[in-house]
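Here's the structure we're looking at; comments come further down.
The values are calculated or read from the model by the stated rules, or taken from the named source; none is laboratory data. Being a predicted model, the structure only gives us computed values, none of them experimental. Neighbour counts are summed over all protein chains in view; Cβ atoms, including those assigned to glycine, are modelled from backbone coordinates with ideal geometry.
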Amino acid sequence: EWYRYFGGLADKIEGDVLPIDKHGMHAYTRREPLGVVACITPWNSPLMLLTWKLAPALAAGNTCVIKPSEHASVSTLAFLELFEQAGFPHGVVNSVTGFPAEVGAPLVAHPDVRKVAFTGGEAGGLNVYRCAAEGLKHVTLELGGKSPNIVFDDTVIENAVNGVISGIFAASGQTCIAGSRLLIQRRIQNEFVERLVALAKTARIGDPKLIETQVGPVTTLQQRKRVLDYVGIAVSEGAQCALGGGVPNELGDGWFVEPTILTGVNNQMRIAREEVFGPVLAVIPFDDEEDALAIANDSSYGLAAGVWTSDIGRALRMSDRLEAGTVWVNSYRAASFIAPFGGYKRSGIGRENGREAIDSYLQTKTVWIDTTGKVANPFVMR
């Protein structure tokens, strides 16, 4: 879908003829490719997040050098073989593999690279931003999140429970848009958490290659340790494990973490402020709409948010005031090639998808043509 959409935009990149108010002068603009684009992708959803960069970059006429995560290179390399089979000219789509310091940093710093499109963590994004700034390069940064899923007491509880589960436990919580903060209206907190725990207990944990698996492992041993460390920190700060909090007994040899639901959380705890990137949900109660907004927006991140309510007026008010690049109402995780995606605050710079994406891979040239056949007084600026 993404390649078809942006392929359809490739012949609709248009400049403008400008209505210049100078006799005999004509002016127009051209939209031109930037040149070489570095696409740096993470280990989570590697092919999807590559597509979000590669499709608009190619449609805009650029060439690309892809640096996949060192933890998830094989799928990208296999995918790039399809470009050769499809007859793409050599040198249009390229790849380099390796670790960030040895490969990623030199790629970003290379003088021929005119734009860097990066998806990853905040620390990595800041390093890319600093390095790109040395060469005054264009950047698109899609970074971390601590997204709130906000449930009001007038919602359809069954739908909201399903949406909250999807928001945090899909892909074992290893997505930048994971709804890792559940903001729940206090009046329904106990009932909602009970139903949430009951549904989460039914999750089938296991081999991600098996179709029946619903929650797979995290990516590396280091990532499992990080997730479990955050759970330990949360408990030490006063949170309680309503579910999970450890490693499944029968899956101790893999990098598995139990679906975990933490109650007794407030928004100042580290578990509510720092990105965990695992199947861990922090439950935070609120009293009313203003309280929910204050808690939701009290974050250095602003990637996404969910709102669950039966009140359309409230849905619109919340959507207007939430500091997030994407707001879902009575849903979570919807995405489309036509819908811009990106973050507010420390969640990133620029947008992927939609017309905004292809625009970010183009630059504008203005052309002036004098048709009078003579040059006016050369000592006067005009």
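Restricting to segment 193-224, give me the number of residues that are closer than 18 Å to Ile271 by Cβ and touching a Phe, Trp or Tyr at 6+ places or on another chain (Cβ under 9 Å).
Selection size over segment 193-224: 4.
Condition first: part of a strand (DSSP E or B) and either more than 18 Å from Cys176 (Cα to Cα) or hydroxyl-bearing (Ser, Thr, Tyr) (or both). Now tell me which residues in segment 312-328 satisfy that. Outline the logic, then answer.
Start the filter on segment 312-328 by keeping residues that are part of a strand (DSSP E or B), which leaves 326-328.
Correct list: Thr326 only.
Taking into account only those residues within segment 9-25 that are of a type outside the set (Gly, Ala, Ser) and within 16 Å of Ala376 (Cβ to Cβ), which is surrounded by the fewest Cβ atoms within 10 Å (Cβ to Cβ)?
By that ranking, first place goes to Asp21.
Taking segment 356-382 as the region of interest, how many residues are surrounded by 15 or more Cβ atoms within 10 Å (Cβ to Cβ) and not polar (S, T, N, Q)?
Of the residues in that region, 6 qualify.
Which is under 20 Å from Leu322 (Cα atoms) and of a type in the set (A, V, I, L, M), of Ile177, Ile165? Give the derivation first.
Numbers: Ile165 fails: under 20 Å from Leu322 (Cα atoms).
The match here is Ile177.
Tally up the residues in segment 309-345 that are under 15 Å from Thr140 (Cβ atoms) and either in the same structural domain as Leu58 (by TED's automatic domain parsing) or touching a residue at least 40 places away in the same chain (Cβ under 8 Å) (or both), please. Steps first, please.
Filtering segment 309-345 down to residues under 15 Å from Thr140 (Cβ atoms) leaves 325, 340-344.
Checking which are either in the same structural domain as Leu58 (by TED's automatic domain parsing) or touching a residue at least 40 places away in the same chain (Cβ under 8 Å) (or both) leaves us with 341-344.
Residues flagged as under 15 Å from Thr140 (Cβ atoms) and either in the same structural domain as Leu58 (by TED's automatic domain parsing) or touching a residue at least 40 places away in the same chain (Cβ under 8 Å) (or both) within segment 309-345 amount to 4.
With respect to Leu9, is the statement that it is under 19 Å from the mean Cα position of the chain (by Cα) and modelled with pLDDT of 95 or more true? Step through it out loud before you land on a result.
Details: under 19 Å from the mean Cα position of the chain (by Cα): no; modelled with pLDDT of 95 or more: yes.
Spelling it out, it is not the case that Leu9 is under 19 Å from the mean Cα position of the chain (by Cα) and modelled with pLDDT of 95 or more.
Restricting the search to segment 98-138, which residues are touching a Lys or Arg at 6+ places or on another chain (Cβ under 7 Å) and closer than 17 Å to Val36 by Cα?
Val103, Gly104, Leu107, Val113, Arg114, Lys115, Val116, Ala117, Lys137, His138
For every residue, the table says whether it meets (1) under 23 Å from the mean Cα position of the chain (by Cα); (2) under 30 Å from Ile233 (Cβ atoms); (3) crowded, with 20+ Cβ neighbours inside 10 Å.
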{"position": "Val283", "(1), (2), (3)": "yes, yes, yes"}
{"position": "Trp308", "(1), (2), (3)": "yes, yes, yes"}
{"position": "Asp311", "(1), (2), (3)": "no, no, no"}
{"position": "Ser319", "(1), (2), (3)": "yes, no, no"}
{"position": "Leu322", "(1), (2), (3)": "yes, yes, yes"}
{"position": "Trp328", "(1), (2), (3)": "yes, yes, yes"}
{"position": "Arg333", "(1), (2), (3)": "yes, yes, no"}
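Quick check on Ile233: is it surrounded by fewer than 17 Cβ atoms within 10 Å (Cβ to Cβ) and over 15 Å from Ser172 (Cα atoms)?
On the way: surrounded by fewer than 17 Cβ atoms within 10 Å (Cβ to Cβ): yes; over 15 Å from Ser172 (Cα atoms): yes.
Yes; evaluated as a whole, the condition is true for this residue.
Could you look through segment 74-102, keep only residues that are touching a residue at least 24 places away in the same chain (Cβ under 8 Å) and not in a loop (DSSP other than H, G, I, E, B), and pick out the one that is surrounded by the fewest Cβ atoms within 10 Å (Cβ to Cβ)? Before you say what the answer is, go through the steps one by one.
Going residue by residue through segment 74-102, those that are touching a residue at least 24 places away in the same chain (Cβ under 8 Å) are 75-76, 79, 91-100.
In the following step, the residues that additionally are not in a loop (DSSP other than H, G, I, E, B) were identified as 75-76, 79, 93-95, 100.
Numbers: Ser75: 13, Thr76: 19, Phe79: 18, Val93: 20, Asn94: 16, Ser95: 16, Pro100: 17.
Top of the filtered list is Ser75.
Select the helices (runs of 4 or more DSSP H) contained entirely in segment 103-201, then report the ones holding at least 2 residues which are in contact (Cβ under 8 Å) with a residue 12 or more places away in the chain and assigned by TED's automatic domain parsing to the domain that holds Ala324.
Because the criterion is at least 2 residues that are in contact (Cβ under 8 Å) with a residue 12 or more places away in the chain and assigned by TED's automatic domain parsing to the domain that holds Ala324, the helices (runs of 4 or more DSSP H) in segment 103-201 that meet it are 157-169, 189-200.
Go through segment 132-152 and count every residue that is touching a Gly at 6+ places or on another chain (Cβ under 6 Å) and more than 23 Å from Pro42 (Cα to Cα).
Narrowing segment 132-152 to residues touching a Gly at 6+ places or on another chain (Cβ under 6 Å): 140-144, 147, 149.
Of the ones still in play, those that are also more than 23 Å from Pro42 (Cα to Cα) are 149.
Residues flagged as touching a Gly at 6+ places or on another chain (Cβ under 6 Å) and more than 23 Å from Pro42 (Cα to Cα) within segment 132-152 amount to 1.
Within segment 354-382, how many residues turn out to be of a type outside the set (Val, Ile, Thr) and either touching a helix residue (DSSP H, G or I) at 6+ places or on another chain (Cβ under 6 Å) or part of a strand (DSSP E or B) (or both)? Break it down stepwise before answering.
Initially, segment 354-382 is screened for residues of a type outside the set (Val, Ile, Thr), giving 354-357, 359-363, 365, 368, 370, 373-374, 376-379, 381-382.
Filter again for either touching a helix residue (DSSP H, G or I) at 6+ places or on another chain (Cβ under 6 Å) or part of a strand (DSSP E or B) (or both), leaving 357, 361-363, 365, 368, 370.
Residues meeting the conditions: 7.
Restricting segment 245-280 to residues that are part of a strand (DSSP E or B) and either small (Gly, Ala, Ser) or surrounded by 24 or more Cβ atoms within 10 Å (Cβ to Cβ) (or both), which is nearest to the chain's Cα centre (by Cα)?
So in segment 245-280, the residues part of a strand (DSSP E or B) come out as 260-263, 280.
Subsequent filtering for residues that are either small (Gly, Ala, Ser) or surrounded by 24 or more Cβ atoms within 10 Å (Cβ to Cβ) (or both) retains 260-262, 280.
On the way: Thr260: 23, Ile261: 23, Leu262: 24, Val280: 19 Å.
Here the answer is Val280.
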